[in-house]
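Trainee: Dumping the structure here so I can ask a few things about it.
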Amino acid sequence: MFSVSYREHYVNNLHLAILFVSSIFAGLANALAGGGTFFSFPALTAGGLSSLIANATNAVAVTPGHALAAYTYRDILGRSKKRLLILGVSSALGAIGGAYLLTITSVHTFDVLVPWLLLFATVSFAGGPYLQNMIKSRQAAIATSAKPKSDAVGLGSGISYFFASIYGGYFGAGQGIVLMTILTLTGVEDVQEANALKNAIATIVSLIAVIVLAFKGFIIWKYGILMIIGAVIGGLYGGKLAKKLSKKTLRAVVITIGTLLTFWYFYKG
């Protein structure tokens, strides 16, 4: 018969193993198709963490992935310094607002919001291919037009990124799709530039959210650091497997998981 302390030790170690494995899958998914939060967030709540603390800790796990992705686009970002500076400031302010809003949200209120946030993230993720088609159509229209390219960033663009970053600082799942949509609609014509800016903005938002949430004591670091390691491993392997695995199949798996989680959280709520 196991003692209580031994059972607790076993359960704790099992949860750590689940978190580590889930973070590997999260890193793998993010490297190939996105949607890693659908693996890491439920793994945190499964261990008994409140959805609020799980969400805050999950922000730690996804930040390195955004940063590594942004680093791979450093040359392109170097050509968009003015745009990145303006959008970075707007996004940083939005991230501060979103993270602070999370810290003043009650656990009960966030539990009510979680299924709706997951639903939004799932629908956004599922709509990714349609967004890519929209970008291609826009590029084709621009290619046949004599309209000169402009790097100007208007007030409307800054406001759009501000509100998108409030969402990113508050929950974050699906923010990449939201950012890509805004980038496309606000005049970023090149797909590679849009991806570069998206990853840079997501890095800024995630990093600032982590700083705010850590300052407020919302992050369980022993879980967060473990998940960073797992996510990096998954991301590295994801890069190697990108040419071998079907992104379409992986997207279908992620969407299915997101849908099931959404139904589950609605049912549980």
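The values are calculated or read from the model by the stated rules, or taken from the named source; none is laboratory data. These figures come from a predicted structure and were not determined experimentally. Neighbour counts are summed over all protein chains in view; Cβ atoms, including those assigned to glycine, are modelled from backbone coordinates with ideal geometry. For accessibility, only protein heavy atoms count, side chains too; no ligands or nucleic acids. Shrake-Rupley method; radii C 1.70, N 1.55, O 1.52, S 1.80 Å.
Trainee: Any residue in segment 104-123 that is at pLDDT below 90 and small (Gly, Ala, Ser) sitting within a Cβ distance under 9 Å of a residue that is open to solvent by less than 60 Å² (accessible area, probe 1.4 Å) and not in a loop (DSSP other than H, G, I, E, B)? List the pairs, counting only those 6 or more apart or interchain.
Mentor: As it stands, the answer is 121/37; 121/38; 121/175; 121/177; 121/258; 121/262, since those pairs meet every condition given.
Trainee: So which residues in segment 199-246 are open to solvent by 30 Å² or more (accessible area, probe 1.4 Å), at pLDDT 90 or above, of a type in the set (A, V, I, L, M) and within 22 Å of residue 20 (Cα to Cα), if there are any at all?
Mentor: 207, 214, 220, 225, 226, 228, 229
Trainee: A further question follows. Name the residue that is modelled with the highest pLDDT, counting only residues in segment 176-196 that are under 24 Å from residue 118 (Cα atoms) and either basic (Lys, Arg) or open to solvent by less than 10 Å² (accessible area, probe 1.4 Å) (or both).
Mentor: This residue is 179.
A quick yes/no check of all residues on (1) open to solvent by less than 10 Å² (accessible area, probe 1.4 Å); (2) modelled with pLDDT of 80 or more; (3) touching a Cys at 6+ places or on another chain (Cβ under 7 Å):
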residue	(1), (2), (3)
30	no, no, no
41	yes, yes, no
58	yes, yes, no
74	no, yes, no
84	no, yes, no
87	yes, yes, no
95	yes, yes, no
